[in-house]
Amino acid sequence: MFRRALTVFAVAAGIGSALAPAASAESAPEAVDFVAEDGAFPFGGQSGHWAAGPDHEVIIRERGTTLVVDADANHGFDYFRLEFTGPDGAALQPGSYDHAGGAHILAISAGLGCVDDYSAFTITRLERDGDQLVALEAAFEQRCSSPDHPAFRGSVHFAR
């Protein structure tokens, strides 16, 4: 009886572990897509699709009322951070935000940052479970120093 129970347990464990990788490989929970026009400070023509996985680290979270996106590739040698804040530090909700309305994107890449930005972003999905961010879909455009300077554009995707 003990041997039969051990065999059933081993088979069940084998089936469970065989199915687990397939379920987790279906979609990355955190990703950022981006394109920087030539001269878009501080990104300088970079573009890509970075999804959490072996080649990229993407972490999306809220810190107080600020939405933070940290992304890196090449073991941290290519790195950027975006911090999205609403007008007057208000908590972000689904909707459109822009520089003229008091919203802000702090953009940092390769140790250089732009706080004098002309930015706009739209949050189409934002879900929380209590204080925990569980889903986000957003698109953004950021220009440093002038509304007619080259743009850094992209989208952010997150689902826990």
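The values are calculated or read from the model by the stated rules, or taken from the named source; none is laboratory data. What you see is a predicted model; the values in this text were computed from it and never measured. Virtual Cβ from ideal backbone geometry, glycine too; neighbours counted across all protein chains shown. In case anyone asks, the SASA skips ligands and DNA or RNA and just uses the protein heavy atoms, side chains included. Shrake-Rupley method; radii C 1.70, N 1.55, O 1.52, S 1.80 Å.
Return yes or no: is ARG143 basic (Lys, Arg) and either outside any strand (DSSP E or B) or in contact with a Cys (Cβ under 9 Å, 6 or more places away or on another chain) (or both)?
yes
Which ones in the range 88-117 are in a loop (DSSP other than H, G, I, E, B) and either among the acidic types (Asp, Glu) or touching a residue at least 60 places away in the same chain (Cβ under 8 Å) (or both)? Walk me through it before giving the result.
First, pick out the residues of the range 88-117 that are in a loop (DSSP other than H, G, I, E, B): 90-94, 99-103, 110-111, 115-116.
Passing the criteria: ALA110, ASP116.
Considering THR85, THR124, which residue is free of Cβ contacts under 8 Å to residues at least 60 places away in the same chain, farther than 15 Å from GLU30 by Cα and open to solvent by less than 70 Å² (accessible area, probe 1.4 Å)? Quick ask: steps written out before the conclusion?
Details: THR124 fails: open to solvent by less than 70 Å² (accessible area, probe 1.4 Å).
Answer to the check: THR85.
So GLU57 ticks every box in (1) in contact (Cβ under 8 Å) with a residue 40 or more places away in the chain; (2) surrounded by 15 or more Cβ atoms within 10 Å (Cβ to Cβ); (3) among the acidic types (Asp, Glu) but one. Which box is left unticked?
So GLU57 meets the others, but not (1).
Among the residues of the range 23-54, write down those that are touching an Asp or Glu at 6+ places or on another chain (Cβ under 6 Å) and open to solvent by less than 40 Å² (accessible area, probe 1.4 Å).
Here is the first cut: in the range 23-54, the ones touching an Asp or Glu at 6+ places or on another chain (Cβ under 6 Å) are 45, 49, 52.
Selection gives GLY45, ALA52.
Check whether at least one residue in the range 95-102 is surrounded by 15 or more Cβ atoms within 10 Å (Cβ to Cβ) and among the hydrophobic types (A, V, I, L, M, F, W, C), and report yes or no.
Filtering the range 95-102 for residues surrounded by 15 or more Cβ atoms within 10 Å (Cβ to Cβ) gives 97-99.
Narrowing further to those that are among the hydrophobic types (A, V, I, L, M, F, W, C): none.
No, the conditions are met nowhere in the range 95-102.
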